[in-house]
């Protein structure tokens, strides 16, 4: 092991399982989707494994659910579910998505400050711009990506100002004098910008972390600019080791150019590990998952990713080049991953590839061989850790947490207990007292 550097590990809370067909397995808990019991059990299992945080994605559109594709991102509203989990967990971080396209910064600042208070400093915000759902918010069309990211930048600036609007010593709790706060230590921000006018101050105390942890996942140029300026952790889809090394080095340079410590910003590629005591058992579970792929929803996922129907093609037909069309509306994952995958695959192959990884790396093996692969990436500075995507729930998740994580702990690459009082301290991010 190299020095004292250890991995940061978080878990993607998709209760269907990350593989899009996993909910069809006989032992899945699909009848409990959306209920607290299932999410509570997942979070507590991740905490027992000493993972740094659990992560909730979000969606503002019912399209993926209707298509039975990439299920789970739209089922849980992150703030409400993380608030509920704060009472059922003690140390694990609670990170969730909130869109800067469809939200307002004052509400975002209040909600994440509230979650940080409820959880004693364990909240994290995944900053995103939305790529769908505009008609649910009175928009015929989304703003172009450049405008969305300008808004996201100003949105984040306002949220940070609001979190800082209470001085750390604003609460004096003077019972004898009848003053709970020192009023001159709560300051208006008086923000006037391109998108927002916000007087402030925040109407609730400063978050225990000063600033809840900031996460960002945009892989476009604008997304990387935003992340390098603000984020404490970067989620990214990197199926290729050499490209991940390039991404890692480039992002760390961007962080340094913003006057920040690159070692305090963690690069966390997503990975779906299919783990079992033997390789044969791991392959058997991977094959079982592959058999769960439904042709109708699989075709719908391919069509959604491409923006073009493939209903007239046989499953073993190659996808015609004229249906793999780039353009300004395309997101970074299409440009860097999906377009290349589609050009090299048949409809069936692309459908299966999307069902199991959605552009992220997936590994099938024993705890030792999967750990070898993760350690190789970690030592090569392709990653500071990983966002673990459970292939199925509960089976694949339990194997990941009880077989793979202990293997990493035994080799000294992952913590065997929590250290520090807040999420920021535990992952080694910059502190904001």
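Looking at 265, 274, which is the one that is within 30 Å of residue 226 (Cβ to Cβ), at pLDDT 95 or above and crowded, with 22+ Cβ neighbours inside 10 Å?
Working: 274 fails: within 30 Å of residue 226 (Cβ to Cβ).
On inspection, the qualifying residue turns out to be 265.
Restricting to region 378-404, count the residues that are touching a strand residue (DSSP E or B) at 6+ places or on another chain (Cβ under 7 Å) and surrounded by 20 or more Cβ atoms within 10 Å (Cβ to Cβ).
Let us first name the residues in region 378-404 that are touching a strand residue (DSSP E or B) at 6+ places or on another chain (Cβ under 7 Å), namely 383-391, 396, 399-400, 403-404.
Restricting the remaining residues to those that are surrounded by 20 or more Cβ atoms within 10 Å (Cβ to Cβ) gives 383-391, 396, 399-400, 404.
Within region 378-404, residues that are touching a strand residue (DSSP E or B) at 6+ places or on another chain (Cβ under 7 Å) and surrounded by 20 or more Cβ atoms within 10 Å (Cβ to Cβ) number 13.
Scan (1) assigned to a helix (DSSP H, G or I); (2) at pLDDT 95 or above; (3) crowded, with 22+ Cβ neighbours inside 10 Å for the single condition residue 184 breaks and write down its number.
(3)
Only residues that are part of a strand (DSSP E or B) and touching a helix residue (DSSP H, G or I) at 6+ places or on another chain (Cβ under 9 Å): list them for region 1-54, please. Steps first, please.
Of all residues in region 1-54, those part of a strand (DSSP E or B) come to 8-12, 53-54.
Within region 1-54, 8, 9, 10, 11, 53, 54 meet the criteria.
Quick check: is even one residue across region 71-79 within 24 Å of residue 358 (Cα to Cα), in contact (Cβ under 8 Å) with a residue 60 or more places away in the chain and either in contact with a helix residue (DSSP H, G or I) (Cβ under 6 Å, 6 or more places away or on another chain) or not in a strand (DSSP E or B) (or both)? So that I can check it myself, show each step before the final result.
Taking region 71-79 as the starting set, the residues that turn out to be within 24 Å of residue 358 (Cα to Cα) are 71-78.
Of the ones still in play, those that are also in contact (Cβ under 8 Å) with a residue 60 or more places away in the chain are 75-76.
Add one more test, that the residue is either in contact with a helix residue (DSSP H, G or I) (Cβ under 6 Å, 6 or more places away or on another chain) or not in a strand (DSSP E or B) (or both), and what stays is 75-76.
Yes, region 71-79 contains a residue that is within 24 Å of residue 358 (Cα to Cα), in contact (Cβ under 8 Å) with a residue 60 or more places away in the chain and either in contact with a helix residue (DSSP H, G or I) (Cβ under 6 Å, 6 or more places away or on another chain) or not in a strand (DSSP E or B) (or both).
So residue 132 ticks every box in (1) at pLDDT below 95; (2) part of a helix (DSSP H, G or I) but one. Which box is left unticked?
(2)
Quickly run through region 131-147 and pick out the residues that are under 24 Å from residue 234 (Cα atoms), touching a helix residue (DSSP H, G or I) at 6+ places or on another chain (Cβ under 8 Å) and either without any contact (Cβ under 8 Å) to a residue 12 or more places away in the chain or buried (at least 18 other Cβ atoms within 10 Å of the Cβ) (or both).
145
Can you tell me which residue is nearest to residue 361 (Cα to Cα) among those in region 330-348 that are modelled with pLDDT of 85 or more and crowded, with 18+ Cβ neighbours inside 10 Å?
Filtering region 330-348 down to residues modelled with pLDDT of 85 or more leaves 342-348.
Next, only the ones that are crowded, with 18+ Cβ neighbours inside 10 Å stay: 342, 347-348.
Working: 342: 16, 347: 19, 348: 18 Å.
It comes out as 342.
Take region 94-110 and flag every residue that is out of contact with any strand residue (DSSP E or B) (no Cβ under 8 Å at 6 or more places or on another chain) and assigned to a helix (DSSP H, G or I).
Of everything in region 94-110, those that are out of contact with any strand residue (DSSP E or B) (no Cβ under 8 Å at 6 or more places or on another chain) and assigned to a helix (DSSP H, G or I) turn out to be 107, 109, 110.
For region 296-307, which residues satisfy the criterion of being within 17 Å of residue 337 (Cα to Cα) and either more than 25 Å from the chain's Cα centre (by Cα) or not in a loop (DSSP other than H, G, I, E, B) (or both)?
Filtering region 296-307 down to residues within 17 Å of residue 337 (Cα to Cα) leaves 301-307.
Those that are within 17 Å of residue 337 (Cα to Cα) and either more than 25 Å from the chain's Cα centre (by Cα) or not in a loop (DSSP other than H, G, I, E, B) (or both): 301, 302, 303, 304, 305, 306.
For residue 389, all conditions in the list (1) modelled with pLDDT under 95; (2) under 20 Å from the mean Cα position of the chain (by Cα) hold save one; what is the number of the exception?
(1)
Here are some residues: 218, 200, 227. Which one is at pLDDT below 95 and crowded, with 22+ Cβ neighbours inside 10 Å?
On the way: 200 fails: crowded, with 22+ Cβ neighbours inside 10 Å; 227 fails: at pLDDT below 95.
Result: 218 is the single residue among 218, 200, 227 that is at pLDDT below 95 and crowded, with 22+ Cβ neighbours inside 10 Å.
Residues in region 148-170: is at least one assigned to a strand (DSSP E or B) and more than 28 Å from the chain's Cα centre (by Cα)?
Of the residues in region 148-170, the ones assigned to a strand (DSSP E or B) are 166.
Filter once more, keeping what is more than 28 Å from the chain's Cα centre (by Cα): 166.
The answer is yes, given that some residue of region 148-170 is assigned to a strand (DSSP E or B) and more than 28 Å from the chain's Cα centre (by Cα).
State the number of residues belonging to region 1-27 that are closer than 17 Å to residue 391 by Cβ and either surrounded by fewer than 20 Cβ atoms within 10 Å (Cβ to Cβ) or in contact with a strand residue (DSSP E or B) (Cβ under 6 Å, 6 or more places away or on another chain) (or both). Outline the logic, then answer.
From region 1-27, those closer than 17 Å to residue 391 by Cβ are 9-27; that's our starting set.
With the extra rule that they be either surrounded by fewer than 20 Cβ atoms within 10 Å (Cβ to Cβ) or in contact with a strand residue (DSSP E or B) (Cβ under 6 Å, 6 or more places away or on another chain) (or both), the set shrinks to 9-13, 18, 24, 26-27.
The number of residues fulfilling the criteria is 9.
For region 400-433, name all the residues that are touching a helix residue (DSSP H, G or I) at 6+ places or on another chain (Cβ under 8 Å) and part of a helix (DSSP H, G or I). Spell out how you get there, then give the answer.
Within region 400-433, the first condition is being touching a helix residue (DSSP H, G or I) at 6+ places or on another chain (Cβ under 8 Å), and the residues that meet it are 401, 403-404, 406-408, 411, 413-416, 418-420, 428-432.
401, 403, 404, 406, 407, 408 - these are the residues of region 400-433 that are touching a helix residue (DSSP H, G or I) at 6+ places or on another chain (Cβ under 8 Å) and part of a helix (DSSP H, G or I).
Which of the residues that make up region 29-46 are in contact (Cβ under 8 Å) with a residue 40 or more places away in the chain and surrounded by fewer than 22 Cβ atoms within 10 Å (Cβ to Cβ)?
Selection gives 29, 33, 34, 36, 38, 40, 41, 44, 45.
Taking the stated definitions as given, is residue 251 under 30 Å from residue 212 (Cα atoms), surrounded by fewer than 21 Cβ atoms within 10 Å (Cβ to Cβ) and in contact with a strand residue (DSSP E or B) (Cβ under 9 Å, 6 or more places away or on another chain)?
Answer is yes for this residue.
Please work out which residue is farthest from residue 240 (Cα to Cα), limiting yourself to region 356-385 and to residues that are under 18 Å from the mean Cα position of the chain (by Cα) and assigned to a helix (DSSP H, G or I).
Applying the filter and picking the extreme gives 356.
Would you check if there is a residue in region 63-80 being under 26 Å from residue 6 (Cα atoms), within 19 Å of the chain's Cα centre (by Cα) and modelled with pLDDT of 95 or more?
Here is the first cut: in region 63-80, the ones under 26 Å from residue 6 (Cα atoms) are none.
Within region 63-80 (the criterion being under 26 Å from residue 6 (Cα atoms), within 19 Å of the chain's Cα centre (by Cα) and modelled with pLDDT of 95 or more), the answer is no, since none of the residues qualifies.
Please verify whether region 349-356 includes one or more residues that are farther than 30 Å from residue 170 by Cβ, modelled with pLDDT of 95 or more and in contact with a strand residue (DSSP E or B) (Cβ under 8 Å, 6 or more places away or on another chain). If you could, list the steps in order and put the result at the bottom.
First, the residues of region 349-356 that are farther than 30 Å from residue 170 by Cβ: 349-356.
If we keep only those that are modelled with pLDDT of 95 or more as well, we get none.
Checking region 349-356: not a single residue is farther than 30 Å from residue 170 by Cβ, modelled with pLDDT of 95 or more and in contact with a strand residue (DSSP E or B) (Cβ under 8 Å, 6 or more places away or on another chain).
The values are calculated or read from the model by the stated rules, or taken from the named source; none is laboratory data. Computed from a predicted model, the values in this text were never measured in an experiment. Cβ: placed from backbone, ideal geometry, glycine included. Neighbour counts: every protein chain shown.
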